[in-house]
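**Q** Here you go, one structure.
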Amino acid sequence: MTEVVSNEEVAPGVFRLAVAGQFVGKMGQFYMIRAWDHYPLLSRPLSIFDITPGRIEFLYLVVGEGTRLFSNLKQGDHVRLEGPFGNGFEAPEGKTAFVGGGIGIAPFYYALRQVPNADVYLGFSRESYMVEEFRAASAAQIHVNVGGVILDDLDFEHYDTIIACGPHPMLHAVQRKQQASSGRAKVYVSLENRMACGIGACLVCSVKCKDKRKKACTDGPVFPAEEVVFE
């Protein structure tokens, strides 16, 4: 068990949770977190938003019972963390773009610590959040789109590596845009699948790929965009 440092609501239904302790993790990896003893049965996966000496942070959206319980956490409360899990982002090659839709922006703040010269594209349906924090962490351009389509602002021909995270319809659109491009860029998608165990034992997070079904928690959550079959 470890202790909550802060749990700030940064936008309606969006919280930034900080937990005390010494943690490790690659950009794009996640932890399984629980703040209860028996119910809900399963822990919840949250991608790493940031790691600094003495703390780890997560950015999450309240969408169900587990995240609702997270939203009630106060300083000094205890949570249980397991991880890090998943393959995370490989070190990108050449000119790089990070593309986040909604709460899919979460892993890119920590990624900017490793790749500060990446351009960042942040898309929101109603209200933007954490934009100034991203601007402070970036040594390149931050593009923000509220209420529109963030992919309309992104030219695939300008980049060697593109990594996207967000809802499945957005990631499917990333795949289609990749197919329509020259193919210069290596394009990766980080999937927001439901998970149960985090270690590949339960198959809840199964992902249909062109060669076979894979597990988002161990084979992913990051996949080459061309591999995934979106349904």
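The values are calculated or read from the model by the stated rules, or taken from the named source; none is laboratory data. Keep in mind the model is a prediction, meaning the values are calculated, not measured. We place every Cβ from the backbone using ideal geometry, glycine too, and count neighbours over all the protein chains shown. Heads up: the accessible areas ignore ligands, DNA and RNA and are worked out on the full protein's heavy atoms, side chains in. Shrake-Rupley method; radii C 1.70, N 1.55, O 1.52, S 1.80 Å.
**Q** In region 66-75, what count of residues is obtained for those that are within 12 Å of Val19 (Cβ to Cβ) and open to solvent by less than 50 Å² (accessible area, probe 1.4 Å)?
**A** First pass over region 66-75, keeping only residues within 12 Å of Val19 (Cβ to Cβ): 70, 73, 75.
From what is left, the residues that are open to solvent by less than 50 Å² (accessible area, probe 1.4 Å) are 70, 73.
Total satisfying the criteria: 2.
**Q** Here's a check for you: in region 8-19, which residue that is open to solvent by 30 Å² or more (accessible area, probe 1.4 Å) and in contact with a strand residue (DSSP E or B) (Cβ under 7 Å, 6 or more places away or on another chain) is nearest to Gln114 (Cα to Cα)?
**A** This residue is Arg16.
**Q** Anything in region 186-202 that is buried (at least 20 other Cβ atoms within 10 Å of the Cβ) and either out of contact with any Phe, Trp or Tyr (no Cβ under 8 Å at 6 or more places or on another chain) or touching a residue at least 60 places away in the same chain (Cβ under 8 Å) (or both)? List them, or say none.
**A** Hits for region 186-202 are Tyr188, Ser190, Glu192, Met195, Gly198.
**Q** A further question on this structure: Could you go through region 98-112 and let me know if any residue there is surrounded by fewer than 19 Cβ atoms within 10 Å (Cβ to Cβ), more than 16 Å from Phe223 (Cα to Cα) and either at pLDDT 95 or above or out of contact with any Asp or Glu (no Cβ under 8 Å at 6 or more places or on another chain) (or both).
**A** no
**Q** Just name the residue that is most open to solvent (accessible area, probe 1.4 Å) out of those in region 115-128 that are more than 15 Å from the chain's Cα centre (by Cα) and within 27 Å of Phe85 (Cβ to Cβ).
**A** My answer is Pro116.
**Q** Moving on. If His78 satisfies all but one of (1) exposed (fewer than 15 other Cβ atoms within 10 Å of the Cβ); (2) out of contact with any Asp or Glu (no Cβ under 8 Å at 6 or more places or on another chain), what's the number of the condition it fails?
**A** For His78, the failing item is (2).
**Q** Of the residues Tyr109, Tyr188, which is hydroxyl-bearing (Ser, Thr, Tyr) and part of a strand (DSSP E or B)?
**A** Tyr188
**Q** Might you check whether a residue that is without any contact (Cβ under 8 Å) to a residue 40 or more places away in the chain, closer than 18 Å to His168 by Cβ and part of a loop (DSSP other than H, G, I, E, B) occurs anywhere in region 116-126?
**A** yes
**Q** Also: Could you check region 87-97 and list, in sequence order, the residues that are open to solvent by 20 Å² or more (accessible area, probe 1.4 Å) and at positive phi?
**A** Gly94 - this is the single residue of region 87-97 that is open to solvent by 20 Å² or more (accessible area, probe 1.4 Å) and at positive phi.
**Q** A follow-up question, please. So, in region 129-169, exactly how many residues are open to solvent by less than 30 Å² (accessible area, probe 1.4 Å), in a loop (DSSP other than H, G, I, E, B) and under 28 Å from Glu231 (Cα atoms)?
**A** Matching residues across region 129-169 total 3.
**Q** Something else: What pairs come up if the first residue lies in region 30-48 and is of a type outside the set (A, V, I, L, M, F, W, C), the second is modelled with pLDDT under 90, and their beta carbons are under 6 Å apart, counting only those six or more places apart or on different chains?
**A** Qualifying pairs under 6 Å: Pro45/Met195.
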